[in-house]
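The values are calculated or read from the model by the stated rules, or taken from the named source; none is laboratory data. Fair warning: this is a prediction, and the values are worked out from it, not measured in the lab. Note that we place each Cβ from the backbone using ideal geometry, even for glycine, and neighbour counts take in every protein chain shown. To get the accessible areas, we keep the full protein, side chains included, count just its heavy atoms, and leave off ligands, DNA and RNA. Shrake-Rupley method; radii C 1.70, N 1.55, O 1.52, S 1.80 Å.
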Amino acid sequence: MRSNVLGSAADFRRGGHSSRRPLDSHLAQLFMRDLRADAPPQLPIFRSRLQGELLARLLLGPDREHTMLDLAVMLRTDLGSVVREADRLARAGLLTLRRTAAGRLASRNTASPLHEPLAQLVMHTFGPRAVVAEEFGALPGTAEVHLFGAWAERYSGAAGEPPGDVEVLVVGAVDPGAAFDAAQESAARLGLPVHPVVRTAGEWRDDTDPFLRQIRAGSLVRAR
């Protein structure tokens, strides 16, 4: 059976004269707007890039609540879009919404059977590896970019608590100031501190540096 929204949208396109036409027109516009939303190239099963990045912000890293306004600022979008996406995800049981005097707060719903597999999916598509590759990979002189430390361990499948920061090794003739700026941009997108370490290609090949040897001995995930 066709849904009321689909039927309304069809009637609207045909220009039908219904006593409910103002409401149908409004529903049709919402429906067509949703159809026009671009799927993200990282994983087209998400309805939009905003949905993927919202899930990354709420499902990855430390478990905490965010206001709708904070999420809009973090994701650099309008408040209405964040509210609509949060409502959709809450209806699907993926998020928990809580009303407070300061407004509604959103957090992950760890009781959902989809929480763990979805978090893994989001981590591989909208998580630190994808963001770090995009931000640091654009820097002039970058030869390689790696994640190391706790995030690399989680990405590689090691059990443990969600890490509270992201550690990045940048190899190449990269200006440290530019790397710091890329770290700030990455942190703003991920909602986690990002700590860059910059080394030249020669320094990275040198096996006498105890710090780099420690990085090699642990989990190392190449982002670029």
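Could you give me the ³J(HN,Hα) list for segment 134-148, computed from phi with Karplus coefficients 6.51, -1.76, 1.60 and θ = phi - 60°, whole Hz, x at Gly and Pro?
6, 6, 7, x, 7, 6, x, x, 6, 9, 9, 9, 10, 9, 9
How high is the relative contact order of segment 144-224, in percent, counting Cα pairs under 8 Å that sit 6 or more residues apart?
44
What's the carbon and sulfur percent of segment 100-170's accessible surface, probe 1.4 angstrom, rounded to a whole number?
Carbon-and-sulfur percentage of accessible area, whole number: 54.
With viscosity set to 1.002 mPa s and temperature to 20 °C, compute the Stokes-Einstein D of segment 89-222, Rh being the Kirkwood radius across alpha carbon pairs; µm²/s, no decimals.
In µm²/s, the coefficient is 130.
For a quick protection proxy, order the peptides 148-157, 127-136 by their average other-Cβ count within 10 Å, most packed first.
Highest to lowest by the protection proxy: 127-136, 148-157.
Ranking request for peptides 97-105, 197-205: highest mean number of other beta-carbon atoms within 10 Å first, then the rest in descending order.
So the peptides 97-105, 197-205, ranked by packing, come out 197-205, 97-105.
Under the Karplus relation 6.51 cos²θ - 1.76 cosθ + 1.60, θ = phi - 60°, what is the ordered set of whole-Hz ³J(HN,Hα) values for segment 55-64, x standing for Gly and Pro?
4, 4, 5, 9, 8, 9, x, x, 6, 8
How large are Rg and Dmax for segment 72-128 when only the alpha carbon atoms are used, in Å?
Answer for segment 72-128, Rg first and Dmax second: 12.3, 36 Å.
Could you rank the peptides 209-218, 86-95 by their average count of other C-beta atoms within 10 Å per residue, with the highest value first?
86-95, 209-218
Among A138, A150, T96, whose Cα sits farthest toward the positive end of the charge dipole of segment 87-201 (+1 at Cβ of Lys/Arg, -1 at Cβ of Asp/Glu, about the Cα centre)?
With unit charges placed on the Cβ atoms, the residue in question is T96.
Return the sequence-ordered ³J(HN,Hα) values of segment 175-185 in whole Hz as given by the Karplus equation 6.51 cos²θ - 1.76 cosθ + 1.60 applied to θ = phi - 60°, using x for Gly and Pro.
Per-residue couplings from phi come out as 5, x, x, 5, 5, 5, 4, 5, 5, 5, 5 Hz.
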